[in-house]
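Notes to accompany the following structure.
The values are calculated or read from the model by the stated rules, or taken from the named source; none is laboratory data. Predicted model only: the values in this text are computed from it and were never measured. Glycine gets a Cβ as well: all are built from the backbone with ideal geometry, and neighbour counts include every protein chain shown.
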Amino acid sequence: MGNGLPNFIGVVNVKRLLGKTFKSVTRNGDIISFDGEYKLLHIQDCCEDVYISDICGDLADLEGAVIIESSEEYNEDPEAEESGTWSFYKIGTAKGFVTIRFNGSSNGYYSEEASLIDKSDWGF
């Protein structure tokens, strides 16, 4: 799980979305919100930068249908100055699939990944 945040503050595995149905899936800057119940984001720290660089697919396809796929994959960014990671989150329903790509860079000490936050565990 990204950010090195312990589970007690709401970081959960993206597979937690499986089997759920959301009325609203929205993007606000570099945050994807699932009914406000879950948020896919990166909590910025000192010497790193993580942002959504691409969304392939339509977030509306994730609304009103059961999530049947929810996975994450990481790849090293070979063009990063010091350290870089591309994080891919593939989420899908019978209506369609969406891949959300976060691009992260740091001095190699800080996290470069996004995390799924469960509001009920943290309250944010």
Selection from region 36-71 of residues more than 16 Å from residue 100 (Cβ to Cβ), at pLDDT 95 or above and outside any strand (DSSP E or B) yields 64, 65, 68
Could we say that residue 87 is farther than 14 Å from residue 22 by Cβ and either touching a residue at least 60 places away in the same chain (Cβ under 8 Å) or in contact with a helix residue (DSSP H, G or I) (Cβ under 9 Å, 6 or more places away or on another chain) (or both) here?
yes
